[in-house]
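Novice: Dumping the structure here so I can ask a few things about it.
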């Protein structure tokens, strides 16, 4: 079983190396199949591990396997160590399973791109990094995976490096993530100093004693971890990189910025839950940030005109639910939503990809319309995704979102506040999702569509169609895995690693579900009224509350605020330092110093005059000096 | 007269015997083969011989829990020697890959194309390479001043010839003759020192010297120690005994340079550590400070001189001088941590040396002329694999990840720090700071030179060179692998130096 | 013990070594340089043999024999190189070997 776990981890890395080494010896398509095949190997290996664990008692499902110790300094040991436990296997299933589907889709989507091989290699690199992140058996390795997913995300966002906006988006994502990486690393330093280890089990065992419950140190550790989680999962206030990241190819958005990487923050909170439970305030802060993100992102999504950006904001909002779940201690609910979200969000992105593909790269929904008749299957897939996202039963999103809300309903006053935010989010989700759906697929075909639509058999290459279909099935049935109040497969599965709080039961649960469902239906209804056909209502709303429209269209001015409060002072400080420190001190003084050092080098070069006798002389002189020094010293 | 044959532990000699046997076999059989078959034959058997010797050393390493002596107590059978043998055999193995197609595109001093005789002296080259590795394998086992001197000359003479083996090129001959003159000068000094030590203690065997040194004639003993140190410092090209290094590295065929840079350092440094800790533990005050001084001079001189080089081989030669300084720091520290640090450092250092010279060779074969920073322009874009790998090596020489040298340097500094020599650490750090300039200069030359400055490869795209590419890849694997597998390697090195007793 | 004492031998050998090293340092003909190197090795041999007699062991003498072999091979390689160089029209002067420098 450990062998299978290691196979799952290593197989995508092997694909990267093979693609890199093979160069032009394999076809572009071959590189894609190699990457997808390696991910399939990972998935199968994960299944092997999964069934092996399933056959054991719940309490015996956690183990770790160390390949070798990398470094040891005193008692501190860092090993190449993976954790094989329900939580990591759960994440591995999502990452390799959804990853395999998306990588297969990408073979069709990227077909014909000049640098396809590079793309597939990056993609496999990402899968490896992500598996490293979820399989890591100690926090150092987790941080390595954490950094590497950031790197591969950066590489993939600016994959089309000829586009200035893509390069800028890549940089933005990298920098904001680096901020999170830094706070994460700082938290690890505290842990090393206080507990003397970074392996999961001993850290969690020693932490209560070494840090102290509710102490400042525990708060700092949790805050550092939360910083990492918030940046990676694009939660407020470190969320602005995610919409820009849509510059990458669509399968990238599906894989990284919807299904896997951005949910790493939720995984981190679930994984390090013993540390967060030492600093409950910070854990609640995570839930609050999640709750705020649900609403804010939902509001912004209402006015987006780029199809991928709508879905991107919806992703932020949905991750908000996961944060609410994990922040309140309902890890099972949070992770359950993570899984269903991976299904339906990847589905939405990939269906959107088919639309974009069919419209020769156009992403602006205002130019679309009437595609329901032209692309009926894509429409059906998208509809399934939208219903799942809007949490309409029996689609997957309903059960998982309801699980989060039912848990919130049982978590005291704070829980009720968050429940309120979540319920408002349900309305918004339904509204923006169906707005997009109606605009793109309903109405009359726009002039743009009539002109640019090019249909193929199956509405797209077969390679793109079948993964979408599989995901659609999963988006329909995936929710049945856990039904609040009836059975709790996910909760029970991850129970040994992270114990969830009880859900509300009985009348509260039913009321909560009904209320959320009602709000979702209301959202769909409003969308139907406003966006079924082009109407003046949105325009009128804009005119009555211009400030609100401004606020939403400028995404609450967060980017602008960051410019004013962080970028400009930093850039002013930098030019100050440049003028008054760098130029006089480094460029002039150190420059002179450098010149004189080089002068010294040149003089030594003159000593090296090529005459062999002088070399012998140097040896003789050196020997004489050493001899004299030794004789005097002794 | 009573004549007894000494007991011989043949297993201890196995690596050396395999190497010398293969050398003789390659030389004798090679001349009877048709010219066209010689390269494949001699390269294959050389690689096999080196591999077998390395495996033999590895098996011995696994077996030898304790050190033992053989051949009338003149050579050791211990893990230190076996680890060093594995390293020099590895360097030799990589050198086979570098040299395989060297003759196809010979380099001339002034860029005029020399006649390409692919088969010229190829058998001799490989036979001598094996002999040089054999000499080093013997040298690192020495427990006796005579074995030391003979081993030293054994591999040195082979290296003199290898340096000069491109006889169509005056610079190769010049390098060979210079190496021979200065090298013999250094050996003579070492021999004279050995004679003094013999006179002072009446013994040639290391431990006997240590035992007798208590009531030995101090004058002779100390003078002898100083002269032996000079001879060894010469071989590891520590300043100010290094002046042959840039000339020889530049003039020698690049594959030979690659081999010398890696293997000679391994052999000379390992033996220096052995002879000083085994034979002169009583004089440790002298030699630790002496080596620290030499290390400082090497760091300063090597790094400063490297700053102004334009020829890449010469630049790397000065870099090798400065690394002699880094490598002497752990020996000078005279503690067990230093011993481990030295060996660990040498693993990635050897791989990176061979690898970087191999990449220089790749460029050389495209251009058919010596590689300078000028004509390296655009190389990183034209040959992405070599470019990236070279960048890894350059970062590694500075002491940055992903190369194992990152930790090696850290351990070397830690050893000096443990000894209480913070000042030496500071000198090392300053040396590193200076070195950043020229190492990054190589990367800048590969990637940031404008395309106009590029010299077009002679005669279209370069021929494929699989042995060379494989070599570079292996060197990269070892370089990065020594960081990835740091702890297991350091454990091995701990076993390797377990037979030595360190003064601190 | 018959003959002169150890000191005399040592003085002779140190003088020989000095002459040899001076020869390497000042002479320009590669042949003479090789000759001087031989002188240095042989002075070491003399030291070894003198000490061998002084301390009463045979190790030094065996060492000296081995050194002779080494000296001979060094000379062979050196002469071979000089012959190879004579194919190029260069003077027999080590100071003229200045292609590699800097």
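Novice: With the crude spin-label approximation of a point 7 Å out along Cα→Cβ, what separation in nm comes out for residue A:462 versus residue A:502?
Specialist: 5.5 nm
Novice: Tell me the relative contact order for chain A as a rounded percent, counting alpha carbon contacts under 8 Å between residues six or more apart.
Specialist: Reported as a whole number, the value is 12 percent.
Novice: How high is the relative contact order of chain B, in percent, with contacts defined as C-alpha pairs under 8 Å that are six or more residues apart?
Specialist: Reported relative contact order: 16 percent.
Novice: At a temperature of 37 °C and a viscosity of 0.692 mPa s, determine how fast segment A:336-541 diffuses translationally according to Stokes-Einstein, using the Kirkwood radius over alpha-carbon pairs as Rh; express D in µm²/s, rounded to the nearest whole number.
Specialist: 181 µm²/s
Novice: Give me the percent of Cα-Cα pairs in segment B:10-499 that sit more than 45 Å apart, rounded to a whole number.
Specialist: Looking at segment B:10-499, the distances longer than 45 Å represent 7 percent of pairs.
Novice: Divide by every residue of chain A the summed helix terms, -39500 (n - 2.57) for each DSSP H run of at least 4, and state the resulting mean residue ellipticity at 222 nm, rounded to the nearest 500 deg cm²/dmol.
Specialist: When only DSSP H runs of four or more count, the value is -23500 deg cm²/dmol.
Novice: Between rounded, prolate and oblate, where does segment A:431-584 land on the alpha carbon gyration tensor, with a ≥ b ≥ c its root eigenvalues, rounded for a/c under 1.5, else prolate if a/b exceeds b/c?
Specialist: Verdict is oblate for segment A:431-584.
Novice: What Rg and what Dmax come out for the protein assembly as shown when only alpha-carbon atoms are used, in angstroms?
Specialist: In Å, with Rg to one decimal and Dmax whole: 36.2, 128.
Novice: When a/c reaches 1.5 or more, the comparison of a/b and b/c decides; with that in mind, is chain A rounded, prolate or oblate per its Cα gyration tensor?
Specialist: Prolate, because a/c is 1.5 or more and a/b exceeds b/c.
Novice: Which order do the peptides A:58-69, A:141-152 take when ranked by the mean count of other beta-carbon atoms within 10 Å per residue, highest first?
Specialist: Result, highest mean Cβ count within 10 Å first: A:141-152, A:58-69.
Novice: Same structure, new question: Kirkwood hydrodynamic radius, segment A:1-67, all distinct C-alpha pairs: what's the number in Å?
Specialist: For segment A:1-67, the Kirkwood estimate is 13.3 Å.
Novice: For Cα pairs less than 8 Å apart in space and 6+ apart in sequence, what is the mean separation divided by the residue count of segment A:336-541, i.e. the relative contact order in percent?
Specialist: It rounds to 35 percent for segment A:336-541.
Novice: Against the longest alpha carbon principal axis of chain A, how many degrees, from 0 to 90 and to the nearest 10, is the axis of helix A:116-135 turned?
Specialist: Rounded to the nearest ten degrees, it is 90.
Novice: In addition: Enter the angle in degrees (range 0 to 90, nearest 10) between the Cα long axis of helix A:376-389 and the first principal axis of the Cα atoms of chain A, meaning the one along which they spread out most.
Specialist: That works out to roughly 80 degrees.
Novice: Out of every Cα-Cα pair in segment C:6-88, what percent are more than 16 Å apart?
Specialist: Above the 16 Å cut-off, segment C:6-88 has 57 percent of its Cα pairs.
Novice: Rounded, prolate or oblate: pick one for segment B:15-56, where a ≥ b ≥ c are the square roots of the eigenvalues of its C-alpha gyration tensor, a/c under 1.5 means rounded, and failing that, prolate if a/b is larger than b/c, else oblate.
Specialist: oblate
Novice: Can you give me the angle between helix A:280-301 and the longest principal axis of chain A, using Cα atoms only, in degrees from 0 to 90, rounded to the nearest 10?
Specialist: 60 degrees
Novice: If you look at just the Cα atoms of segment B:11-99, how large are its Rg and its Dmax in Å?
Specialist: Expressed in Å, the Cα Rg and Dmax of segment B:11-99 come to 14.8, 48.
Values in this text are rule-based calculations from the coordinates and carry no lab data. If you're wondering where the values come from, they're calculated on a predicted model, not measured in any experiment. Neighbour counts are summed over all protein chains in view; Cβ atoms, including those assigned to glycine, are modelled from backbone coordinates with ideal geometry.
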